[in-house]
Amino acid sequence: MTGVKAERAVTADYPLRWKAEGSFMLKTTHLIFGMVAAAALALTAGTARAGGAEAYAAEAEAVLQELRGAMLREMQAAMAMGPAAAIGVCRHLAPEISREIEKRTGWEIRRVALKVRDPDNRANAEERSLLMGYEIKLAAGQAPDLLRTLRVTPRGDEVEIHFMQAVPMLDGCTACHGTAIDPATAAEIKRLYPEDAAVGYATGDIRGAFSLYKTVGAEAFRKAEAAPKRDDLKAMGYAPRDRPGAKGSAVAGLAVFQARCQSCHGPADLAGHVFPKGGGADAATAEAEAAFCRKLETHGYTDEKSDCDILAFLTDLALFLAKSGSGK
């Protein structure tokens, strides 16, 4: 794994969307100085679609899934011998596993944080700004697994792709990174990492992030960008319909979604995630609606009426996807 990367050129942030087979949402952002600044970015981001860039996000996610799977297997075996043994896995096996995946996939893999155990994992300026933004979003109620970024930097006849995913603290991680570390484990950490600062975390905190980089030819990237875009509702044959008894208007919700949400979230992806079984009149749908309303409230981008309209639109779209078989 290479060391800390240098400062980067001017980048283009690409909006990423909900993924069908997981429970995460992808959203890009520059350094966020506060929720007001985040809202301003969302309102001025326009309606550019991610296009072929999404393929690179999916590729990076596949790399992360493989890395996490391999690390989990090794960590489970090491933890059976105690937390001190697990430290050796992080120290030696993690870089080895990463290098093997890097060699095979072409992605450079970094594990970065604001507070590091290994100095090589210290976040660079760009990664640090994104991590600070993730911290603000977490404090505002966003789930850690929803914090992701895709950035693209043109470099002559090449394009550098940067994908970053926040890493939340899990219960098992507190044994080595928490607030009550066993003395023997703490002594081993001190021996291996004299300058360790990666402690004091609680379950649910952002421990750091996976930061992946890949360079591709500019022509290949342009071809990917020219690929058909996803979530073309008109091509799907969808037209919003206001349902009797709904709190909001699906027609108005579509307009609000296109103006304020679509730069970051694909409507069909989002509707399919929030309402995987469609938007029927049942307890599961009511629970999903309530949970999504809370997310809209913590976003702070819209008022109460607009929130209801967006929810009505996504519910109507979910029903359409379920009936038409167009869900992802």
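Listed from fewest to most Cβ neighbours within 10 Å, the set ILE161, ILE181 follows the order ILE181, ILE161.
With the cut-off at under 17 Å, measuring from each backbone N in region 204-222 to a point 7 Å along the Cα-to-Cβ line of ASP120 picks out 209-213. Rounded to the nearest 0.05, the FRET efficiency derived from the C-beta distance between GLU66 and ASP171 at R0 = 22 Å is 0.40.
For region 176-220, trypsin sites (Lys or Arg not before Pro) meeting the loop criterion (DSSP other than H, G, I, E, B) and having at most 13 other Cβ atoms within 10 Å: none.
Per-residue 3J(HN,Hα) values for region 72-83, derived from phi via the Karplus relation 6.51 cos²θ - 1.76 cosθ + 1.60 with θ = phi - 60°, read 4, 4, 5, 5, 4, 5, 5, 5, 5, 9, x, x Hz in sequence order (x marks Gly and Pro). If R0 equals 35 Å, the separation of the Cβ atoms of MET81 and ARG128 corresponds to a calculated FRET efficiency of about 0.50.
Subtracting the Cα-Cα distance of ASP145 and ALA291 from their residue separation scaled by 0.36 nm leaves 51.0 nm. When LYS323, LYS247 are arranged by Cβ crowding within 10 Å, least crowded first, meaning fewest neighbours, the order is LYS323, LYS247.
Each 5 Å bin from zero holds the following percent of Cα-Cα pairs in region 85-181: 2, 10, 16, 22, 22, 15, 7, 3, 1, 0, 0.
Throughout, read-outs are computed from the coordinates displayed, never taken from laboratory work. It should be emphasised that the depicted structure is a prediction, and the values quoted were computed from it without experimental measurement. FYI the Cβ positions are ideal-geometry reconstructions off the backbone, even for glycines, and counts take in every protein chain you see.
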